[in-house]
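Please read the structure below before turning to the comments.
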Amino acid sequence: MASCSKQPYWDVPNVVNGVTTITGISTATSPGISTLDNSFTVNVTLPNAKPGDVMIVELLKQQTPSGSTSSQLLPLAGTQQNITVASNLTASVTYTKAQAQMVNAGDNVFVSWAGKTESASLVVTLSPATSINGPSYNGSSVKVIRGAGTANLDIIVAPKSGAFTGNVVVQRKNGMNAPWINVGSFAAVSQVPISGDDFAIGKDTMYYNFVATSGSNTDNVTVVVVDNDPYFFLKKSGTMAIGSTDGLNVLVNGALSATNANAILAVDPGTLMLHGGANWAVGGKSISFVPSTLANYATNSPTSAIAAYMAGIPTATANPSSGEGVYVFKIVNGPNPTNVFYGILKIISIVPNVSVSYEYRIGNTYAQLSSIK
């Protein structure tokens, strides 16, 4: 015969009426630490602890013990602390970068919390405070190109402990063995101008060095920028047909009627000659053409195309069936220099009295990116 006996159970939290309380799990968070910070804090919520409980907190890091060839997660000497749980079941601990043995961005440490009825843990990683983005122009990513104008490298210095109030010293050198040249001192969030024309002829690599200092901490970031030979940014294609699509807005490759005020290019019925749209080419606006070659088109070089235009005799019309069917064109879309666009046009095919199929390249400066699409 056997009888029942009372089984021992672990104490569990109860509400007043004796119903078991289901608690949550612990959480550990940290604002983090950057290369320009001195310390970091870890905050925990411990729902299964009691106010006044003492938690043992220490840092652990991958280390190779004496006599071993493999690393293990082991405590860092001198980092153990006793932290008391507050009445709201939270607690915090702070460690210095030196205690955590953090030196370079990417270094990390394991923060361990252990108590009588609760535990928590978190991995904290040293992040770079300085980030360099770009090159960009008006928020769009661009390549650095000779003759394209000035783009920017974007600086952002953001320590975890608060706003960076110092300056970032910027230097550059055109080639690994060239001397550093001072560019200037910049704010925490700012732009450094960069132009392909800053590169010496025959040297296509520029090194930019950014140094941010906060107290005893220093960020030193180097980025490499490669210069590119000039090229037309965009290639467009389509067909102009006699009728409702006998006009073209060349800047956006938009088909429309030749009588539309935005029809930069128009095609004549019968002859299929190309010229400026009658209702667009007013007030000084114009498009003109100089014959070129398929080889020049394939090169995709604004320098060569513009040189060919300057060396030729511009005309107001282009015969799609003449020569190699390639023309360098110049658009004057207003009174300012930024309203002038060069491009190169290639005729793909012709259907007599019906249509002209084309392909063209356009856009050779950053400033034109706001107008051409």
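Couple of notes before you dig in:
- Taken about its Cα centre, the chain carries a charge dipole of about 120 debye when Lys and Arg each add +1 at the Cβ and Asp and Glu each add -1 at the Cβ.
- Alpha-carbon Rg with Dmax, taken over the chain, Å: 34.3, 119
- Quotient of the Cα radius of gyration of region 21-126 and 2.2 N^0.38 Å, N being its number of residues: 1.13.
- Counting heavy atoms of the protein chains alone, L73 has an accessible area of about 80 Å² for a 1.4 Å probe.
- From its DSSP helices (H runs of at least four residues, each -39,500 (n - 2.57)), the chain gives a residue-normalised ellipticity at 222 nm of -1000 deg cm²/dmol.
- Heavy-atom accessible surface of the chain: percent carbon and sulfur, 1.4 Å: 54
- Extents of region 130-226, taken as max minus min of Cα coordinates on every principal axis and listed largest first, are 43, 32, 16 Å.
- GNM result for the chain, Cα springs below 10 Å: residue of S87, S70, S321 fluctuating most strongly: S70
- Dipole moment magnitude, nearest 20 debye, region 130-226 about Cα centre, only Lys, Arg, Asp, Glu C-beta charged: 80
- When the alpha carbon coordinates of region 259-312 are projected onto the principal axes, the ranges are 34, 28, 17 Å, largest first.
- Per residue solvent-accessible surface (Å²) - region 305-373, probe of 1.4 Å: 44
- Among beta bridges that DSSP assigns inside the chain, antiparallel share in %, nearest 5: 95
- Spatial separation of Cα centroids for region 292-352 and region 148-186, in angstrom: 40
- Label point of N88 set 7 angstrom out along Cα-Cβ; within region 140-163, no amide nitrogen lies under 14 Å from it.
- Cut-off 11 Å between beta-carbons: net charge of the residues surrounding P179, Lys and Arg +1, Asp and Glu -1: +2
- Computed from backbone phi with θ = phi - 60° and the Karplus coefficients 6.51, -1.76 and 1.60, the 3J(HN,Hα) list for region 284-292 is x, 6, 6, 10, 9, 10, 10, x, 9 Hz; x is used for glycine and proline.
- By accessible area with a 1.4 Å probe, ligands and nucleic acids excluded, highest first: order of S119, S68: S119, S68
- Table column - 3J(HN,Hα) (Hz), region 321-335, Karplus curve with 6.51, -1.76, 1.60, x for Gly and Pro: 9, 9, x, 8, x, 10, 9, 7, 10, 10, 9, 10, 10, x, x
- Histogrammed with a bin width of 5 Å, the alpha carbon distances of region 254-373 distribute as 2, 11, 21, 25, 22, 13, 5, 1 percent, first bin at zero.
- Around E359: net Lys/Arg minus Asp/Glu count, Cβ-Cβ under 12 Å: +4
The values are calculated or read from the model by the stated rules, or taken from the named source; none is laboratory data. As the structure is a prediction and not an experimental result, all values here were calculated from the model. Positions of Cβ are backbone-derived with ideal geometry, glycine not excepted, and every protein chain shown enters the neighbour counts. Note: areas computed on protein heavy atoms with side chains; ligands, DNA, RNA excluded. Shrake-Rupley method; radii C 1.70, N 1.55, O 1.52, S 1.80 Å.
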